[in-house]
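Data first, discussion second: the structure below is written as structure tokens.
The values are calculated or read from the model by the stated rules, or taken from the named source; none is laboratory data. Computed from a prediction, not measured in an experiment: that's the story for all the values here. Ideal geometry is used to build each Cβ from the backbone, glycine not excepted, and the neighbour counts take in all protein chains shown.
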Amino acid sequence: MVIPVVVPMNRRDLLLSAPAFVAALLPALASSKEIRPYPLQHKRSEDAKGRYMSQLNKSKTLDQRIVQMFARIDSTRMMGNIQTLQNFGTRHSLAPSIGQASAWLARKFGEYADSQDAVKMQPFQMPQGPVLNNVLFNSDTAKPSFILVCAHYDSRAHLPERFDQPAPGADDNGSGVAMLLELASILRGVSLKRGVLLAAFCGEEQGLIGSQACAEVAAKENWPIDLVINLDMIGFASPSNPLSIVVEFDQGNAHPRNDASAKSFALRVAQMAADYTELTVEHTNIWSSDYMPFEAVGFPCVGLYDKGGDEAFYHTSKDTIENVNKGRMVAVAKLLTASVISICELTEA
């Protein structure tokens, strides 16, 4: 599977924003249409549609190969990566530190790569702004189809246009990015029937700009994506219901024909929660995050979410690592690992 890139303003801008080992891999540039900001909502639980609680029970037998994979989960590593992301001060899409964050992500993904071309920068033009980068990691290009697991690495504080405010973004969305990196580590050397593409998007807080750029290319190039799994705020454990996780799925958005497939995948994820974790699953429609551009071009989408949008720290300088629960991160890592392996299927030894 070849991952194309989206076009920057010019090659000089691209080389300034990408690590040298990645920039050397980029193909010739082409034109791309202007991306308009997607209208976002404050993600309050009371505004979610299609809400209901999962009623699935634990299966009688478990896949011990999945259980054995849990030994690869490292909570200290996940929390350390969240701390590093927080230490950038802000990861606002227009702040100078955003280039440092993307370069760090590329290096971290590179630690789990078996080949240099497994990590790619996907540049895109912010509306009336700079060229930024999505960071893509794909360790196995030989599979006929794949799932895309994504999280945005940018952050914001009170106002989406203010890049000079502290925006630590530990839960939103350092938690999702740390989970992407953890999945890269967990799956290293694991042979699956479906491929797994990991994508760290930028420009989410300004209207899903990076994910729109990626979805545009995916549709144009007919990427064989079977499912998109979005990780946006997954580390907060509410004192009133610390084991709750929202498993979102497409329910009648731009492409209703995807609804049945998305629901089937969401039920698979919910079953993995029942089988391998103590998490309780609530379902809602997908909304206001990076899966929306992919749904709009026809790909089935699900998401994991912790209801952090209801909390006072949401989109403030108080979204710090103290709001991220280490035990919850481990539980979500188990859920994601089990879901990916169940959906992508281990090959026979």
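Brief remarks follow.
- Residue in the stretch 162-177 that is over 25 Å from E111 (Cβ atoms), in contact with an Asp or Glu (Cβ under 7 Å, 6 or more places away or on another chain), touching a residue at least 12 places away in the same chain (Cβ under 8 Å) and not β-branched (V, I, T) present: no
- Test: residue in the stretch 264-281 that is in a helix (DSSP H, G or I) and more than 20 Å from A333 (Cβ to Cβ): yes
- Of all residues in the stretch 329-341, those that are of a type outside the set (A, V, I, L, M, F, W, C) and in contact with a Ser or Thr (Cβ under 9 Å, 6 or more places away or on another chain) total 1.
- Residues of the stretch 296-349 classified as surrounded by fewer than 19 Cβ atoms within 10 Å (Cβ to Cβ), at pLDDT 95 or above, part of a loop (DSSP other than H, G, I, E, B) and not hydrophobic (A, V, I, L, M, F, W, C), total: 7
- Whichever residue in the stretch 91-130 is in a helix (DSSP H, G or I) and touching a Pro at 6+ places or on another chain (Cβ under 8 Å) and, among such residues, is surrounded by the fewest Cβ atoms within 10 Å (Cβ to Cβ): R107
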